[in-house]
Every structure is written in C-alpha cells, then in structure tokens.
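See below for the structure under consideration.
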Amino acid sequence: MQILHQDPKEGKVKVKAETLDDLWHLYHIIDPGDVVYAKTLRKQSQRADSLRAEKVEVIPVFLGVRAEKINFHKFANQVRVTGPIVYASREDVPLGKYHTIAIEEGTVVTIQKPRWKEHHIERLKEAVEASKRAKVMIVVIDDGEADMAVIREYGVEILKGIRYNLGGKRYSTNRESEEKKFFHDVAKSMEEVITREGIERAIVAGPGFVKEEFYKFLRENYPELAKRAVIEDTSVTGRTGIYEVIKRGTVDKVYHENRVAKEVQLVEKVLENIARNNGLAAYGLKEVEEAVNYGAVETLLILDELLKGEHREKIEELMDAVRYSRGEVVVVSSEHEGGEKLKALGGLAALLRFRVK
C-alpha cells in the first residue's frame, strides 16, 4: 500500500491499494461513519419525454460516501463501501442517495475519520511495511501429492492440490516416468503462482525423501525456481503440514516479521499456558479485563472481527490501556488456523507478565 497524502487537520488519508492484502487492511481500517472518497461509476437516469423511454447512462464521477456497510470480498478482490453520498464532483448527482464504492487493486481512495485511533494508524503502517517484504509460498510434497499455499497478510490461502497415482513398485520405469510428470506439474504450478503473486521464496516441505528428490529435480530442470526454494521437514502432508511449517517458525526465518506466523505462534503459546494452568494466560472479556486492570498483560490478542462488533468501544479501551502499560497489542486475523482457535476462546486472550489470581 502507498500513502499518497495525509491531512491531519481534516482527518484525511489518501492511499493506493496495490494488493489483495491491502484490501484486507482497508476493510479493517474503514469504520461505519467514515467518509470514503474515490472515483467511481454511477448509473444516472436521463429525463424522458412522452415519446421516448427513460434512458440510463453510466457516468464517471468522484464521490464521497459516508460508510454504513463495509464488506471484504476476497474472491472478487474488492472492498465494497456502501452509504449515502455526501460529496459529488458533478451537480447532477444528488446528495443523500445511496451508492457503493468498489475498492480494488490499483484504486486510489481517501478515508476521512472523525478521529484516527492507534490501531488504525498501526494497520496503515503495517500495510506499507508489508508491501516492502518478500512474499512466501509453501509447498508440502510427498508420494504423488502436493499441496500449496500463499502466506498473505490476512492469513493462509490454500491453493488447489495436485494428485498423481504413481503406481506400486518404487523404482519401476513407469513409476519413474509418472513421478517426473508429477514433478513437472508441481514446478509449473509453482511458477504460475510465483509470477502471479510476486513470490520471492518457496518453502518446500514434507515428511519423507520426496521433497529432496523434488528439490534435486528443480536444480536440474528449473534452476531459477530452485534458487527460491528452502527445504523443511514436516511430520504430515496436506493442510496440516502447511500449518506445521508455520508453527515451526520456518516462515519467520524466510519471511522476516511475517504477520501470520507471529499470530499463530502467539495463539499456540496462549493455549500452551492454559493447558499448563500456570496462570500466565487469560481469555474471555472478563478475565482479560481483570488482567489489564492489574497491568499484567504483556501481549493482548484480539480477533479482528471484534473490532467490527458491538463491543468495539470496550475492546478499544482495553487496547489503549495495554499500550499505556507498555504491553503489545496484536490483532489476529480470523482467516487462518490461529484466528479460528482464538475465536473458540471468545476472540480475546492475553499472555501475562505475572499471575493475577
């Protein structure tokens, strides 16, 4: 994401969304009541006389819309902001009518807030920093099966897997031929993802020796792809193997300060402390609020959905209190395994400096 202009007096920030991750960040930055300005297309009815039917024309216009509904459509690559028009660059566009601004990759948008809160500013900074970091994909490969994922700012996007029936005997001519076809298919799929997503590194993982054989195959047949690859062990394949790579911290090593890896590891640490019953974790609004009041919170974990919910103001108060006591606040995406586990804890948890009970 690029920040193009800031006007602190009017509470306006002008940005350019460059990636799907940027759209996810904007979804969490824009709140109901904010005014969103952007170039858009609007259907406008032309007056008709008694002899001609009414004509509908699509016109380009720069609008300001007071947000009432904000939706993130990750498969359509859009954030849709709906609300009444409060500003129009054309006099023939009536104010007060409802309109939806579709924010896509490449859209320049201005957001005006009554007050920019700390977590909004932090997310803007994160989006700008994320655009400078390398993107990573994970490939978990074993005997005739490969699963792939792209690590995004908002979570893990699991891609379509590849399956081959390689037959029985390990070293038969037919099996070797099929395995080469399988490896070619996986390599070409990786190349497509790397080109489309701007991936810089690929973690190739798996439980057996196939990953080493595949890496050797890449060096011989796809040397440029092999330069991007890093080998890692897992105990299983599939989606579980992908998350095992993340939990092991391999993504962190390859992709410094990766958001998803950090979030998953923090949630796992909360669950570990809960299981140990050592008093160094709290979860749920009541327990976390008590820990915050004692100044005991080292890291506060909040599911992103809560910042769009009915308890938003209370959550924001807790966030401010934790920052005041020099604790860390981490907003966890609901789009990955760590977010799902945090949701099961009520969407709110904390790692503590000391016991409060």
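The values are calculated or read from the model by the stated rules, or taken from the named source; none is laboratory data. What you see is a predicted model, and the numbers here were worked out from it, not measured in a lab. Cβ atoms come from the backbone with ideal geometry, glycine included; neighbour counts cover every protein chain shown.
Residues that are among the aliphatic types (A, V, I, L, M) and over 14 Å from ALA205 (Cβ atoms) were ranked within segment 113-146; the one that is farthest from the chain's Cα centre (by Cα) is ILE121. Do we find a residue being without any contact (Cβ under 8 Å) to a residue 40 or more places away in the chain, of a type in the set (Lys, Arg) and closer than 30 Å to ILE158 by Cβ anywhere in segment 94-111? So far as segment 94-111 goes, no, none of its residues is without any contact (Cβ under 8 Å) to a residue 40 or more places away in the chain, of a type in the set (Lys, Arg) and closer than 30 Å to ILE158 by Cβ. Would you confirm whether any residue within segment 117-127 is modelled with pLDDT under 85 and surrounded by fewer than 20 Cβ atoms within 10 Å (Cβ to Cβ)? Checking segment 117-127: at least one residue is modelled with pLDDT under 85 and surrounded by fewer than 20 Cβ atoms within 10 Å (Cβ to Cβ). LEU4 meets the conditions (1) touching a residue at least 40 places away in the same chain (Cβ under 8 Å); (2) assigned to a loop (DSSP other than H, G, I, E, B); (3) exposed (fewer than 14 other Cβ atoms within 10 Å of the Cβ) in every case but one. The failed one is (2). Contact map, segment 183-197: residues that are in the same structural domain as ALA146 (by TED's automatic domain parsing) paired with residues that are of a type in the set (Phe, Trp, Tyr), Cβ distance under 8 Å, separation 6+ or inter-chain. Pairs shown: PHE183/PHE214; PHE183/PHE217; ASP185/TYR164; VAL186/PHE214; ALA187/PHE217; ALA187/TYR222; GLU191/TYR222. Scan segment 222-250 for residues that are part of a helix (DSSP H, G or I) and either closer than 19 Å to ASP142 by Cα or not assigned by TED's automatic domain parsing to the domain that holds ILE203 (or both) and jot them down. Within segment 222-250, LEU225, ALA226, GLY238, ARG239, THR240, GLY241, ILE242, TYR243, GLU244, VAL245, ILE246, THR250 qualify. If the condition is being more than 26 Å from PHE75 (Cβ to Cβ) and in a strand (DSSP E or B), then segment 111-140 contributes only GLN112. Just one of the numbered conditions (1) in a strand (DSSP E or B); (2) more than 13 Å from ASP21 (Cα to Cα) is not true of LEU95: (1). For segment 334-351, the set of residues classified as part of a loop (DSSP other than H, G, I, E, B), modelled with pLDDT under 90 and of a type outside the set (Gly, Ala, Ser) consists of HIS336 only.
Name every residue in segment 262-294 that is of a type in the set (Gly, Ala, Ser) and either free of Cβ contacts under 8 Å to residues at least 40 places away in the same chain or under 18 Å from SER334 (Cβ atoms) (or both), in order of residue number. Answer for segment 262-294, where residues must be of a type in the set (Gly, Ala, Ser) and either free of Cβ contacts under 8 Å to residues at least 40 places away in the same chain or under 18 Å from SER334 (Cβ atoms) (or both): ALA275, GLY284.
Scanning segment 189-204 for residues that are assigned to a helix (DSSP H, G or I) and loosely packed, with under 13 Cβ neighbours inside 10 Å returns GLU192, THR195, ARG196. Between VAL81, VAL13, VAL56, which is among the hydrophobic types (A, V, I, L, M, F, W, C), at negative phi and exposed (fewer than 14 other Cβ atoms within 10 Å of the Cβ)? When all the criteria are applied, what remains is VAL56. ALA76 meets the stated requirement of being surrounded by fewer than 17 Cβ atoms within 10 Å (Cβ to Cβ) and among the small types (Gly, Ala, Ser).
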